[in-house]
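Student: Structure incoming, see below.
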Amino acid sequence: MSETRWYQITPADSWFFGDSRPANAGEDQLDLQSLFPPHPQTVVGSIRAALARRLGWHHGEWDERVKAQLGNGFDDVSPLRFAPPMLAIERETESPGRGLQLLYTPPKHLLGEVKVGSEGTGVPQSVFYPRDWLRPSTKRFITDMGEVHLPLFPEQTDDADPKRLRTADEFYITTVGMQSVLVGDKPNPKELIHRSRLFAIENRIGIDRNPEKRSMYSPGHVRLADGVSLVTGVDGLDDELELPAVFPFGGESRQAVCQRLRQAPTLPQSQPGVCVVLVTPARWEDCWHGARPGGSASGLHESLASTVTTCTIERPTRIGGFDSRTKTSQTLQAYTPAGSVWWLDKPASPPEDGRWLALGERTTLGYGAALLGRNPLG
């Protein structure tokens, strides 16, 4: 078995990743929106199917030879383990040439203003200027969860009107920017990139060729900007097994071009601290949000021997799926969205490798990746 192999995946033309709404054959589908970036299981499923075809599979259940190398089931991927799939962009580096920077959902405790600027590009665009942070309240509030601390906006800030502060919902943050957040510093505005600079949704019209039903559909295809791609890592591949250069990816069997990276991308390093920042959606068996204010942090991860002071989490992300081997849909389940932040009452130590903390279930697929960071106010 080899060490983690990192791959860069780009579209041959455009991609389509259906959202959680039903799309039944023969019915009109006039607003099929594409979900992007795709959830980890979509990327994992496409990669495993491509590898299975390399091993001689074409349709139906896998034989024992394929199962031994790729796992047996929708969630059972042993002996493989997948790194979280991330958007990536090619940017100028300190050394001559261009390098890949991974992109993340900005943490929900980072606040700033959105203005039109150029940030050195010369092209007017939306720019996020970090100004302050959400912070745990010093007093407790009476809620349906009992008396708990809540995350609060700052009452005043040195360089912005607090009423104009917002989270960076339409932006992505680079590895450099995320590292700044983890050490408690405000990232440079150039490290937050508006999604319009990364990809666009193209609405298309299709007509079913069945003359009796004459159904129509309007899928929203994703077209990536130049220099933008997906990057993921696979651990546990047999030395003789390699991903093909081109394989179907996502809905409608759109094609992806795959290239193995010569070196692993730079990843942010966790810091000893009290902030748990979720990088990819996470799910727990008992509750979709892992732990609530005042609860034990062991609900997030068994290594966290502390109490959750408070957290900032948006409404759950609903994730289902489709098993191409058995042609069956998977039940929609609630996941904590990426960018969520929990504050702990005691500092926690990062994993030995300084990188991901695997929270909740399905972590071998890339779900539940989290980073530890310092309190920006401490």
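Student: Hey, does region 229-236 have a residue that's open to solvent by 30 Å² or more (accessible area, probe 1.4 Å), farther than 21 Å from G177 by Cβ, touching a residue at least 60 places away in the same chain (Cβ under 8 Å) and outside any loop (DSSP other than H, G, I, E, B)?
Tutor: Scanning region 229-236, I find at least one residue that is open to solvent by 30 Å² or more (accessible area, probe 1.4 Å), farther than 21 Å from G177 by Cβ, touching a residue at least 60 places away in the same chain (Cβ under 8 Å) and outside any loop (DSSP other than H, G, I, E, B), so the answer is yes.
Student: Same structure again: Kindly evaluate G56 against the criterion of being part of a loop (DSSP other than H, G, I, E, B), closer than 23 Å to L241 by Cβ, modelled with pLDDT of 90 or more and open to solvent by less than 60 Å² (accessible area, probe 1.4 Å).
Tutor: It is true that G56 is part of a loop (DSSP other than H, G, I, E, B), closer than 23 Å to L241 by Cβ, modelled with pLDDT of 90 or more and open to solvent by less than 60 Å² (accessible area, probe 1.4 Å).
Student: Answer with yes or no whether Y335 is within 16 Å of the chain's Cα centre (by Cα), open to solvent by less than 20 Å² (accessible area, probe 1.4 Å) and without any contact (Cβ under 8 Å) to a residue 60 or more places away in the chain.
Tutor: Yes: the conditions hold for Y335.
Student: Could you list all residues from region 187-200 that are touching a helix residue (DSSP H, G or I) at 6+ places or on another chain (Cβ under 8 Å) and in contact (Cβ under 8 Å) with a residue 60 or more places away in the chain?
Tutor: P187, L192
Student: Another one. Do we find a residue being closer than 22 Å to E314 by Cβ, open to solvent by less than 20 Å² (accessible area, probe 1.4 Å) and modelled with pLDDT under 95 anywhere in region 278-291?
Tutor: yes
Student: Does region 355-367 include one or more residues that are over 20 Å from the mean Cα position of the chain (by Cα) and farther than 22 Å from V181 by Cα?
Tutor: Among the residues of region 355-367, not one is over 20 Å from the mean Cα position of the chain (by Cα) and farther than 22 Å from V181 by Cα, which makes the answer no.
Student: Restricting to region 222-267, count the residues that are touching a Lys or Arg at 6+ places or on another chain (Cβ under 7 Å), small (G, A, S) and closer than 15 Å to L100 by Cα.
Tutor: So the count comes out to 2.
Student: If we keep just the residues of region 306-331 that are modelled with pLDDT under 90 and not in a strand (DSSP E or B), which is most open to solvent (accessible area, probe 1.4 Å)?
Tutor: Within region 306-331, the match that is most open to solvent (accessible area, probe 1.4 Å) is K327.
Student: Something else now. Within region 129-144, how many residues are part of a loop (DSSP other than H, G, I, E, B) and farther than 15 Å from P107 by Cα?
Tutor: 5
Student: Out of all the residues in region 59-71, which are over 18 Å from P244 (Cβ atoms) and touching a residue at least 24 places away in the same chain (Cβ under 8 Å)?
Tutor: G60, E61
Student: Here are the criteria: (1) exposed (fewer than 13 other Cβ atoms within 10 Å of the Cβ); (2) farther than 24 Å from Q179 by Cα. Tell me which single one R262 does not satisfy.
Tutor: Here R262 meets the rest and fails (2).
Student: Six or more apart or on different chains, Cβ under 9 Å: which pairs go from a residue in region 251-273 that's more than 16 Å from L87 (Cα to Cα) to one that's assigned to a loop (DSSP other than H, G, I, E, B) and among the aromatic types (F, W, Y)? Could you list them?
Tutor: Short answer, once both residue conditions are applied: G251/F16; G251/F17; E252/F16; R254/F16; Q255/F249; S270/W356.
Student: So, in region 63-82, exactly how many residues are in contact with a strand residue (DSSP E or B) (Cβ under 9 Å, 6 or more places away or on another chain) and under 11 Å from R48 (Cβ atoms)?
Tutor: 4
Student: Take region 150-196 and flag every residue that is part of a strand (DSSP E or B), open to solvent by less than 70 Å² (accessible area, probe 1.4 Å) and not polar (S, T, N, Q).
Tutor: P151, L152, F171, Y172, I173, L192, I193, H194
Student: With (1) open to solvent by 40 Å² or more (accessible area, probe 1.4 Å); (2) among the small types (G, A, S); (3) within 24 Å of R355 (Cα to Cα) as the list, and A297 as the residue in question, which single condition is left unmet?
Tutor: The failed condition is (1).
Student: Test S270 against the criterion of being hydroxyl-bearing (S, T, Y) and over 17 Å from L102 (Cα atoms), and give yes or no.
Tutor: no
Student: Identify the residue in region 213-226 that is surrounded by fewer than 15 Cβ atoms within 10 Å (Cβ to Cβ) and not charged (D, E, K, R) and, among all such residues, is modelled with the highest pLDDT.
Tutor: Here the residue is A225.
Student: Based on what the data block shows, is L372 touching a residue at least 40 places away in the same chain (Cβ under 8 Å), more than 24 Å from E147 (Cβ to Cβ) and out of contact with any helix residue (DSSP H, G or I) (no Cβ under 8 Å at 6 or more places or on another chain)?
Tutor: no
Student: I'd like the residue in region 59-79 that is under 22 Å from the mean Cα position of the chain (by Cα) and not charged (D, E, K, R) and, out of all such residues, is least open to solvent (accessible area, probe 1.4 Å).
Tutor: So, considering only residues that are under 22 Å from the mean Cα position of the chain (by Cα) and not charged (D, E, K, R), the one least open to solvent (accessible area, probe 1.4 Å) is V77.
Student: Taking region 92-120, which residues are in a strand (DSSP E or B) and at pLDDT below 65?
Tutor: Within region 92-120, R98 is the sole residue that qualifies.
Student: Another one. Looking at (1) within 30 Å of F249 (Cα to Cα); (2) aliphatic (A, V, I, L, M); (3) not in a strand (DSSP E or B), can you tell me which one A334 breaks?
Tutor: Going through the list (1) within 30 Å of F249 (Cα to Cα); (2) aliphatic (A, V, I, L, M); (3) not in a strand (DSSP E or B), A334 breaks only (3).
The values are calculated or read from the model by the stated rules, or taken from the named source; none is laboratory data. The structure presented is a predicted model; accordingly, all values stated were derived computationally and were not measured. With ideal geometry, Cβ positions are generated from the backbone for all residues, glycine too; neighbour counts draw on all protein chains shown. To get the accessible areas, we keep the full protein, side chains included, count just its heavy atoms, and leave off ligands, DNA and RNA. Shrake-Rupley method; radii C 1.70, N 1.55, O 1.52, S 1.80 Å.
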